[in-house]
């Protein structure tokens with residue numbers, strides 16, 4: 001079953017929390033990342049598939065095909081985003097979510 005963007009956001013949040021807990025004496029609180037959000041750039045506007053990650057006041061845009069950061073910055077959290085994207089099927093799940101969004105855009109345009 002395909003993951004939603006909310007489920008992918010939760011997965012990234014859990015990955016950051018678990019990674020920091022493993023490397024830190026201080027316990028990192030999960031609520032610190034409650035505002036973490038993953039969005040996909042509108043495919044009608046961008047030529048390459050893009051993921052936008054927001055954590056608090058920080059935001060960065062990543063190329064979904066290559067994984068490289070295109071703009072913005074997340075400070076020390078960027079390394080976790082890179083690692084998370086390369087884990088398992090996360091990148092494929094993001095691309096699948098983008099394809100679903102493109103289909104919904106097509107339906108909305110056809111209805112107009």
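Of note:
- Residues of segment 74-103 satisfying the condition of being on the phi > 0 side of the Ramachandran plot and either buried (at least 19 other Cβ atoms within 10 Å of the Cβ) or touching a strand residue (DSSP E or B) at 6+ places or on another chain (Cβ under 7 Å) (or both): 75
- Inside segment 50-63, residues that are within 19 Å of residue 11 (Cβ to Cβ), at pLDDT 95 or above and over 10 Å from the mean Cα position of the chain (by Cα) make up a count of 1.
- Lone qualifier among 103, 79, 99, 91 - being under 16 Å from residue 10 (Cα atoms) and part of a helix (DSSP H, G or I): 91
- Cβ separations smaller than 6 Å between residues 6+ apart or across chains give the following pairs from segment 2-27 residues that are within 16 Å of residue 94 (Cβ to Cβ) to residues that are at pLDDT 90 or above and not in a helix (DSSP H, G or I): 5/38; 8/38; 9/36; 9/37; 9/38; 13/36.
- In segment 38-61, of all residues being in contact with a helix residue (DSSP H, G or I) (Cβ under 7 Å, 6 or more places away or on another chain) and surrounded by 17 or more Cβ atoms within 10 Å (Cβ to Cβ), the one that is nearest to residue 7 (Cα to Cα) corresponds to 38.
- Residue check, residue 78 in contact (Cβ under 8 Å) with a residue 12 or more places away in the chain and either within 13 Å of the chain's Cα centre (by Cα) or under 15 Å from residue 33 (Cβ atoms) (or both): yes
The values are calculated or read from the model by the stated rules, or taken from the named source; none is laboratory data. All values derive from a computational prediction rather than experimental measurement. Reconstructed Cβ throughout: ideal geometry from the backbone, glycine too, with neighbour counts over all protein chains shown.
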